[in-house]
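Right, one structure below, let's go through it.
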Amino acid sequence: MMGTVLTGIAVLGLGALLISVYVFAAAARNFVSDDENGEGELQPEPGTLASINARSGDDRRKATPILVFPATINGVLIPEERRRLPDRRYRR
């Protein structure tokens with residue numbers, strides 16, 4: 001009885017291991033390879049927000065500010081910018 005249970009657990013574990021190796025290999029083949037035809041690259045669906053707002057490689061912190069204060073955003077008046085540091089990441 002105990003041998004049957006252990007054999008069943010071993011078979012299920014081996015099956016899970018094989019499935020995970022296959023998924024990893026398929027992901028590596030599709031997204032990490034240097035395939036020139038671009039079949040492995042994810043592209044946003046046409047008409048979605050991601051396809052309309054394509055990402056830029058420029059650093060937004062070094063760009064000139066577009067927003068001028070005081071500003072009204074969603075009906076709320078914002079008198080001044082609260083961000084003081086050029087790098088807006090939280091620092092301790």
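Condition first: surrounded by fewer than 10 Cβ atoms within 10 Å (Cβ to Cβ), in a helix (DSSP H, G or I), among the polar types (S, T, N, Q) and at pLDDT 65 or above. Can you find one or more residues in region 1-13 that meet it?
Yes: one or more hits.
Which condition breaks for Ala50 when tested against (1) of a type outside the set (Ser, Thr, Tyr); (2) modelled with pLDDT under 65; (3) in a helix (DSSP H, G or I); (4) open to solvent by 100 Å² or more (accessible area, probe 1.4 Å)?
(4)
List every residue pair whose Cβ atoms sit under 6 Å apart, with the two residues 6 or more apart in sequence or on different chains, where the first one lies in region 71-85 and is loosely packed, with under 10 Cβ neighbours inside 10 Å and the second, anywhere, is of a type outside the set (Ser, Thr, Tyr) and modelled with pLDDT of 85 or more.
Listed pairs, sorted by first residue: Pro79/Pro70.
The values are calculated or read from the model by the stated rules, or taken from the named source; none is laboratory data. Being a predicted model, the structure only gives us computed values, none of them experimental. We place every Cβ from the backbone using ideal geometry, glycine too, and count neighbours over all the protein chains shown. SASA here: full protein model, heavy atoms, side chains in, ligands and nucleic acids out. Shrake-Rupley method; radii C 1.70, N 1.55, O 1.52, S 1.80 Å.
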